[in-house]
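In what follows, a structure is listed as structure tokens, so that the remarks can point back to it.
The values are calculated or read from the model by the stated rules, or taken from the named source; none is laboratory data. Predicted model, so just to flag it, every value in this text is computed and none were measured. Heads up, the Cβs are rebuilt from the backbone with ideal geometry, glycines too, and the neighbour counts pull from every protein chain shown.
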Amino acid sequence: MTDFKKDFPILDKEIYGKQLFYLDNAATSQKPNLVLDTISDFYRSDNSNIHRGVHYLSEISSEKYEKARQKVCDFIGAGNPDEVTFTAGTTDSINQVARSLEPVLKGNEVMITGVEHHSNIVPWQLAGAKLRAIPMDFDCNLLMDSMEITAKTKLISISHVSNVLGSVNKIKEITGIAKDHDIPVLVDAAQSIQHLPLDMKDIGCDFLAFSGHKMYAATGVGVLYTSERFSDIMPAKGGGGMVDRVTLEETTYLDPPLKYEAGTPHIAGAISIGAAIDYMQNIGMGRIRKHEHEVYSYARDRLLETDGVTVYGNTEEMCGSISFNLDGIHHYDTGLILDKMGIAVRTGHHCAQPLMRSLGTEGTVRASFALYNTKEDADMLIEGIEKVRMMYA
Ligand code: PMP
């Protein structure tokens, strides 16, 4: 595999006089030149508001924005671009679904898993739903046979990949069960869109949420895929750009996707998602998966072989994040010392407090990998961990 680091200018950086080894990709990924140039070019030469102007720049901006929507549609195998809404990110996408479905969810139940990010917990509670988690074993494999669907279960909302453990949930199995019970499924793809090929027709979910910034695009922008069968749900937000006719008595809406995009969207951000998709597709999702799998498995095996390290979670398929702790050393101290060596990892509960409780820890150290990471990065991490252990010996 060629060295993709050269496409990401920030990865050349030195911190504290040392080469940066960036292993905090689950929090946010770095951006390739193609994305940086696309954002800069947009503001330098095309910038205008979309869909509302008759003038030249507005036409160009609208065209680029809609082209980005088409790219997302093709990338995730959606039926048509009307199923793709640009949002402010995964959190916003999930909150929008929670708001739209609130009349159905209030007083009922949403089925989640025990590894969810707070973004897939709090919005349902705000909508007045009770949460029920699919049971899991010690390694965080979901125990599908013990999943208890009741008459009150109105939605299943699950992460594809855990931001803490890197465990991949078997979402096709879940959509299959959901279909038998005619329950809609939302997939939080914040940690899978950048690692695994996704095909809406194959997965068969009704909603899919992800963020631009974790897939090499801008912050503050994301996507909500809504299957055609939910195209008539109430919009979560009201404002300009989404209405057909407004009177003081009543408002009628445009058709999706504009119906769900009130206000001026993050135009440059949406276009940056298109550029990020171009970047990934130029490499090929199959090639990305193969390379990432090699690096991830190598890093995980090396961590498992290292004395005094506890690695959390162990499922059939894994990608992205690895969580661990060094015996007797606080995760925060480990992270701080690694940082001084130029190694960027994240520490804490990773917005997954219920999972931390199941793991019996307050927090973990998380190393998370992107397409530009290499086995050398994993070696640096292990070397850093050995040094931390020696400091505490
Ligand atoms: N879900 C998961 C699984 C995540 O990892 C994250 C980000 N850490 C989110 C949701 C929220 O994403 P954002 O902050 O971009 O809205």
Subject >> Single match in G241, G269, G263 (criterion: under 28 Å from Y43 (Cβ atoms) and in contact with an Asp or Glu (Cβ under 9 Å, 6 or more places away or on another chain)) >> reply: G241
**OP:** Quickly run through the range 11-31 and pick out the residues that are more than 16 Å from the ligand (Cβ to nearest atom) and among the basic types (K, R).
**Re:** K13, K18
Original post:
Mind checking which residues of the range 12-24 are among the hydrophobic types (A, V, I, L, M, F, W, C), surrounded by 19 or more Cβ atoms within 10 Å (Cβ to Cβ) and not in a loop (DSSP other than H, G, I, E, B)?
Top reply: F21
Subject >> Qualifying residue in the range 218-230 (condition: within 21 Å of N120 (Cβ to Cβ), among the polar types (S, T, N, Q) and surrounded by fewer than 22 Cβ atoms within 10 Å (Cβ to Cβ)) >> reply: yes
Subject >> Among (1) on the phi > 0 side of the Ramachandran plot; (2) free of Cβ contacts under 8 Å to residues at least 12 places away in the same chain, the one test that L336 misses >> reply: (1)
Subject >> Which listed residue is within 13 Å of the ligand (Cβ to nearest atom) and crowded, with 16+ Cβ neighbours inside 10 Å, from T90, T85 >> reply: T90
**OP:** Output the number of residues of the range 184-209 satisfying the condition of being farther than 24 Å from Q281 by Cβ and in contact (Cβ under 8 Å) with a residue 40 or more places away in the chain.
**Re:** 2
Original post:
Mind checking whether some residue in the range 360-373 is in a loop (DSSP other than H, G, I, E, B), at pLDDT 95 or above, among the hydrophobic types (A, V, I, L, M, F, W, C) and away from the ligand (no atom under 16 Å from the Cβ)?
Top reply: yes
Subject >> Those residues of the range 151-187 which are on the phi > 0 side of the Ramachandran plot and within 16 Å of the chain's Cα centre (by Cα), in sequence order >> reply: G166
**OP:** Output yes when any residue across the range 241-259 is in contact (Cβ under 8 Å) with a residue 60 or more places away in the chain, in a helix (DSSP H, G or I) and not hydroxyl-bearing (S, T, Y), and no when none is.
**Re:** yes
Original post:
Looking at L208, is it among the aliphatic types (A, V, I, L, M), outside the structural domain of S321 (by TED's automatic domain parsing), within 15 Å of the ligand (Cβ to nearest atom) and in contact with a helix residue (DSSP H, G or I) (Cβ under 7 Å, 6 or more places away or on another chain)?
Top reply: yes
**OP:** Determine which member of the set I94, I60 is modelled with pLDDT of 95 or more, in contact with a strand residue (DSSP E or B) (Cβ under 6 Å, 6 or more places away or on another chain), more than 22 Å from Q281 (Cα to Cα) and of a type in the set (A, V, I, L, M, F, W, C).
**Re:** I94
**OP:** Could you list all residues from the range 211-244 that are within 12 Å of the ligand (Cβ to nearest atom) and not hydrophobic (A, V, I, L, M, F, W, C)?
**Re:** S211, G212, H213, K214, T219, G220, G222
**OP:** Check P265, P235 and return the single one that is over 28 Å from S162 (Cβ atoms), more than 22 Å from the chain's Cα centre (by Cα) and not in a helix (DSSP H, G or I).
**Re:** P235
**OP:** Kindly list the number of the only condition in (1) more than 15 Å from the ligand (Cβ to nearest atom); (2) under 15 Å from L105 (Cβ atoms); (3) not polar (S, T, N, Q) that fails for I174.
**Re:** (2)
Subject >> Checking V187 against (1) in a helix (DSSP H, G or I); (2) among the β-branched types (V, I, T); (3) within 16 Å of the ligand (Cβ to nearest atom), the condition it does not meet >> reply: (1)
Subject >> Any chance H331 is under 30 Å from G384 (Cα atoms) and over 20 Å from the mean Cα position of the chain (by Cα) >> reply: yes
Original post:
What tally of residues in the range 69-107 results from selecting those that are among the hydrophobic types (A, V, I, L, M, F, W, C) and under 18 Å from G241 (Cα atoms)?
Top reply: 3
Original post:
Looking at D7, D24, which one is touching a Lys or Arg at 6+ places or on another chain (Cβ under 6 Å), modelled with pLDDT of 95 or more and among the charged types (D, E, K, R)?
Top reply: D24
